[in-house]
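**Student:** Have a look at this one.
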Amino acid sequence: MGVNCHFSLVKKRKNEKLISEIDKSNLPNHVGIIMDGNGRWARRRGLPRSAGHRVGAANLKTITEFASDMGIRYITAYAFSTENWKRPKEEVDALMQLLLEYLKDKKLLEGNQVRVKFIGDRSVLTDEIRAEMANAEAESADRTRTTLFLAINYGGQQEVTNAVKNIANKVKSGEISPDEITEDLIGENLYTDIPDVDLIIRPSGELRLSNFLLWQSAYSEFWFSDINWPDFTKEDFTRAISDYQARNRRFGGV
Ligand code: IPE
Ligand code: IPE
Ligand code: MG
C-alpha cells in the first residue's frame, strides 16, 4: 500500500467516525460560514495577514469536502464582503490574487461532488477573475451532492437593495403590480436561488453578522467560537452540527 493511499484511508476512517456522531435525519440543509480570524491567526504567528488568508482558503476546501461527506446540501462561505474594500490596497490585492489562485487550482474541484456558485456583485472584479468564476461554475455544474456558494464582494444590504431595484423596474414597466410583491418575489430577485440558512458558524470570537445573508438568516441558528478560521477543524464543524441538532427551532410557533 502506498503512503498516500494509507493516509487517505486513515483520513476516510476518521471522517466516518466523526460523521457517525451526527444524526443524519436532522442535518441543517444550508450552513453559512463566516470565515473570520485569518489576520489574527497570522499575527499570533508573526506572519503577514496574507499567510492567514492562504491557510484559511485551504481550510475551506477541507471543511467543504467534509461537510459534503456528512450530507450537507448547501454551504455559503463568506470570503470577501462589500466592506472589505476598506482594507489596505496591499491586503485587497493579496486577497484577489489568492482568489484567482484558488479558482485556477483544478484540484479544488477534483474528486468531490461539490458544485460551486458565487454570490455578490462581480461587476467590479477583474475580467480574469470573472472568467475563472464562470469557468468554475460551468465545470462543476452537474455535481449534485452539495452546492458551495462563495460570497465574494457580497453584502446582504446590497443584495436586498439590488432586488428592490429589479422589482421596481418590473412595476414601472407594468410587468407586475405592487400588490404582487411578496416575500417569495423578493427571494427570487436576490443574487441567486438560495435556501434560507439554517445554521451560521462564525469563528474568531466576533458576535455579529457583518452584512452576511441578511434576508436568508431570518430564522438561522448561530454558532460562535473563539477559534480562528485557519484553526477550525472537522471536529469543530461536527460539534457545531451536533449543537445545532440540540436546538429547539420554533419559527415563531410553540
Ligand atoms: C477573514 O479574516 C477574511 C476576510 C475578511 C477576507 P480577517 O482578515 O477578517 O481576520 P481578522 O478578523 O483580521 O483576524
Ligand atoms: C466578515 O469579516 C467578512 C468575511 C469573513 C469575508 P470581517 O472581518 O470583515 O468583519 P468585521 O469587520 O469584523 O465585522
Ligand atoms: Mg475579521
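Just so it is clear, none of the values below were taken in a lab; they were calculated from the coordinates. From a predicted model like this one, the values you see are computed outputs, not experimental measurements. Note: ideal-geometry Cβ built from the backbone for every residue, glycine included; neighbour counts use all protein chains shown.
**Student:** Please check: in the Gaussian network model of the chain (C-alpha springs, under 10 Å), which one of 175, 101, 221 has the largest mean-square fluctuation.
**Tutor:** 175
**Student:** Give the Kirkwood hydrodynamic radius (Å, one decimal) of the chain, defined as one over the mean of 1/r across all pairs of different Cα atoms.
**Tutor:** Evaluated on the chain, it is 19.5 Å.
**Student:** Next question, about the same structure. Using a cut-off of under 18 Å, list every residue of region 211-244 whose amide N is near the label point 7 Å from the Cα of residue 21 along the Cα-to-beta-carbon line.
**Tutor:** Those under the cut-off are 223-228, 231-244.
**Student:** Turning to a different aspect of this structure: Calculate, in nm to one decimal, what residue 224 and residue 166 gain on full extension: separation in residues at 0.36 nm each, minus their alpha carbon distance.
**Tutor:** Using 0.36 nm per residue and subtracting the Cα-Cα distance, I get 17.4 nm.
**Student:** Build a GNM of the chain with springs between Cα atoms under 10 Å: which of 168, 58, 42 gets the top mean-square fluctuation?
**Tutor:** 168
**Student:** Return the single residue from 71, 32, 205 with maximal mean-square fluctuation; model: Gaussian network over the chain, springs between Cα atoms under 10 Å.
**Tutor:** 205
**Student:** Determine Rg/Rh for region 1-123; Rg is computed over alpha-carbon atoms and Rh is the Kirkwood hydrodynamic estimate from the same atoms.
**Tutor:** With Rh from the inverse mean 1/r over Cα pairs, Rg/Rh is 1.00.
**Student:** Give me the aspartates and glutamates in straight-line cross-link reach of residue 117: C-alpha distance below 14 Å, same-chain residues under 8 apart excluded.
**Tutor:** Partners found: 132, 137, 139, 142, 193.
**Student:** Filter the chymotrypsin sites (Phe, Trp or Tyr not before Pro) in region 122-213 down to the DSSP loop ones having no more than 15 other Cβ atoms within 10 Å, then list what survives.
**Tutor:** For chymotrypsin sites (Phe, Trp or Tyr not before Pro) across region 122-213 that sit outside H, G, I, E and B with at most 15 neighbouring Cβ atoms in 10 Å, the list is empty.
**Student:** Relative to the present Cα-Cα distance, how much length would full extension add between residue 235 and residue 12 at 0.36 nm per residue of separation?
**Tutor:** 78.9 nm
**Student:** Tabulate in residue order the Karplus-calculated ³J(HN,Hα) for region 38-44, using 6.51 cos²θ - 1.76 cosθ + 1.60 with θ = phi - 60°, rounded to whole Hz; enter x for Gly and Pro.
**Tutor:** The phi angles translate into 4, x, 5, 4, 5, 4, 4 Hz.
**Student:** Go through 14/106; 61/89; 104/234; 104/170 and tell me which ones have a Cα-Cα distance over 29 Å in this structure.
**Tutor:** Pairs exceeding the cut-off: 104/170.
**Student:** A further question follows. For region 43-245, what does the relative contact order come out to in percent, with C-alpha contacts under 8 Å and a separation of six or more?
**Tutor:** 23 percent
**Student:** Only Cα pairs under 8 Å and at least 6 apart count here; give the relative contact order of region 177-248 as a rounded whole percent.
**Tutor:** 31 percent
**Student:** Set the Förster distance to 30 Å, then compute FRET efficiency between residue 43 and residue 105 from the Cβ-Cβ distance, nearest 0.05.
**Tutor:** 0.70
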